[in-house]
Amino acid sequence: EIEYEVMRDSAGNCITVCNMENIDPVGVHTGDSIVVAPSQTLSDKEYQMLR
């Protein structure tokens, strides 16, 4: 599972602060899982698509 932290101002401008990856299997609550930042398993193509 990949997560992004994004900040948006009152004018609607957005900037990505960081991306994170939950290491535990799907089904483990995000608050209970191990998170690594930045993500480690995305290919460059996947990373560029999500930016």
*With unit charges on the beta carbon (Lys/Arg positive, Asp/Glu negative), name the residue among V17, G27, T41 whose Cα is farthest towards the positive pole of the charge dipole of the chain.*
V17
*Quick one: net charge of S39's neighbours, Cβ under 10 Å, K/R +1, D/E -1?*
-4
*Could you check the simple spin-label distance between Y4 and V36, using points 7 Å along Cα→Cβ, in nm with one decimal?*
2.1
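All of the numbers you see were taken from the coordinates with simple rules; none came from a lab. Since we're looking at a predicted model, the values are computed, not measured. Using ideal geometry, Cβ is built from the backbone for each residue, glycine included, and neighbour counts are taken over all protein chains shown.
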